[in-house]
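This report refers to the structure that appears directly beneath it.
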Amino acid sequence: GAVVSQHPSWVICKSGTSVKIECRSLDFQATTMFWYRQFPKQSLMLMATSNEGSKATYEQGVEKDKFLINHASLTLSTLTVTSAHPEDSSFYICSASRQGAQEQYFGPGTRLTVT
Amino acid sequence: AQSVTQLGSHVSVSEGALVLLRCNYSSSVPPYLFWYVQYPNQGLQLLLKYTSAATLVKGINGFEAEFKKSETSFHLTKPSAHMSDAAEYFCAVCFNTGNQFYFGTGTSLTVIP
């Protein structure tokens, strides 16, 4: 149990376009979902935390208007990178947690390449 | 401040040798501690977790870790390294206040044949 999927696993887009990444909890209800960004050879950096039906809470330095997060249901959260630029190229990982649980379950990640 | 530190960004061991990856945390409240492994271009896989039960925690793939409150440590060990253990390892801590995880900077493990 506690499987989290991400789609797509890899996306290449042109500079200036927007890209949507989906994160789904397949066999449990995720009251909270998290979005991380990971640069090569570096650790995960938390971008934002979202609770179902509420606005996401962004970490300091993360642009809300650039990284749009929607957590419309207990099994789906989306991250939209708007007007993507090459510097947005990175590995984006989502995680999900059940209500009252400390553990986060991680998705397999989405590699975004902006050309 | 609440944080986690991994000493040694790169660790190399010979195949069959002991693996020791270090993790120290700082916290004013009891922590929950996790070790994750990440293979290239993949997400994180949970190795083991400490959630205030037994201080010696056994995980998958022969790994284990011991929570030592007096040393604020949660080091990861494996008696005998295997080639397939070569990967990036992350220590993470979270607290009762919210579910936010704090990740260490990671340790890259190389296993030498």
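Quick one: which of A:Gly53, A:Gly100 is surrounded by fewer than 13 Cβ atoms within 10 Å (Cβ to Cβ), more than 14 Å from chain B (Cβ to nearest Cβ) and either outside any strand (DSSP E or B) or β-branched (Val, Ile, Thr) (or both)?
Values: A:Gly100 fails: more than 14 Å from chain B (Cβ to nearest Cβ).
Sole residue among the options that is surrounded by fewer than 13 Cβ atoms within 10 Å (Cβ to Cβ), more than 14 Å from chain B (Cβ to nearest Cβ) and either outside any strand (DSSP E or B) or β-branched (Val, Ile, Thr) (or both): A:Gly53.
As an exercise: evaluate A:Ala84 against (1) surrounded by 15 or more Cβ atoms within 10 Å (Cβ to Cβ); (2) assigned to a strand (DSSP E or B); (3) away from chain B (no Cβ under 14 Å) and give the number of the one condition it does not meet.
(2)
Taking A:Ser95 as the residue in question, decide whether it is farther than 19 Å from A:Ser25 by Cβ, within 14 Å of chain B (Cβ to nearest Cβ) and surrounded by 15 or more Cβ atoms within 10 Å (Cβ to Cβ). Spell out the reasoning first.
Numbers: farther than 19 Å from A:Ser25 by Cβ: no; within 14 Å of chain B (Cβ to nearest Cβ): yes; surrounded by 15 or more Cβ atoms within 10 Å (Cβ to Cβ): yes.
No; evaluated as a whole, the condition is false for this residue.
So which of B:Ser73, B:Ser84, B:Ser80, B:Ser108 ends up being closer than 28 Å to A:Met47 by Cα and either modelled with pLDDT under 90 or more than 11 Å from the chain's Cα centre (by Cα) (or both)? Can you show your working first?
Details: B:Ser73 fails: either modelled with pLDDT under 90 or more than 11 Å from the chain's Cα centre (by Cα) (or both); B:Ser84 fails: closer than 28 Å to A:Met47 by Cα; B:Ser80 fails: closer than 28 Å to A:Met47 by Cα.
Criteria check complete, one pass: B:Ser108.
Being surrounded by fewer than 20 Cβ atoms within 10 Å (Cβ to Cβ) and free of Cβ contacts under 8 Å to residues at least 60 places away in the same chain is the filter here, so list the residues in segment B:23-47 that pass it.
Within segment B:23-47, B:Asn24, B:Ser26, B:Ser28, B:Tyr39, B:Pro40, B:Asn41, B:Gln42, B:Gln45, B:Leu46 meet the criteria.
For the structure I just gave you, tell me whether A:Gln38 is crowded, with 19+ Cβ neighbours inside 10 Å and farther than 21 Å from B:Cys91 by Cβ.
Values: crowded, with 19+ Cβ neighbours inside 10 Å: yes; farther than 21 Å from B:Cys91 by Cβ: no.
The answer is no for A:Gln38.
Report every pair of residues separated by at least 6 positions or lying on different chains whose Cβ atoms are under 6 Å apart, first residue within segment A:30-49 and within 10 Å of chain B (Cβ to nearest Cβ) and at pLDDT 90 or above, second surrounded by fewer than 19 Cβ atoms within 10 Å (Cβ to Cβ) and not in a strand (DSSP E or B).
A:Leu46/A:Glu59
If a residue has to be of a type in the set (Val, Ile, Thr) and either surrounded by 15 or more Cβ atoms within 10 Å (Cβ to Cβ) or on the phi > 0 side of the Ramachandran plot (or both) to count, how many in segment B:48-97 make the cut? If you could, list the steps in order and put the result at the bottom.
Initial filter on segment B:48-97 (of a type in the set (Val, Ile, Thr)): B:51, B:55, B:57, B:60, B:72, B:77, B:93, B:97.
After this cut, where a residue has to be either surrounded by 15 or more Cβ atoms within 10 Å (Cβ to Cβ) or on the phi > 0 side of the Ramachandran plot (or both) as well, the list is B:51, B:57, B:72, B:93.
Summing the residues that are of a type in the set (Val, Ile, Thr) and either surrounded by 15 or more Cβ atoms within 10 Å (Cβ to Cβ) or on the phi > 0 side of the Ramachandran plot (or both) in segment B:48-97 gives 4.
Here are some residues: A:Ile93, A:Ile69. Which one is among the β-branched types (Val, Ile, Thr), closer than 23 Å to B:Phe103 by Cα, outside any helix (DSSP H, G or I) and touching a Pro at 6+ places or on another chain (Cβ under 9 Å)? Break it down into steps so the answer makes sense when it comes.
Numbers: A:Ile69 fails: touching a Pro at 6+ places or on another chain (Cβ under 9 Å).
Going through A:Ile93, A:Ile69 in turn, the sole match is A:Ile93.
Looking at (1) part of a loop (DSSP other than H, G, I, E, B); (2) at pLDDT 95 or above; (3) among the aliphatic types (A, V, I, L, M), can you tell me which one B:Val13 breaks?
Among (1) part of a loop (DSSP other than H, G, I, E, B); (2) at pLDDT 95 or above; (3) among the aliphatic types (A, V, I, L, M), B:Val13 violates only (1).
The values are calculated or read from the model by the stated rules, or taken from the named source; none is laboratory data. Remember, it's a predicted structure, so these values are computed and weren't measured experimentally. Positions of Cβ are generated from backbone atoms using ideal geometry, with glycine treated the same way; all protein chains shown enter the neighbour counts.
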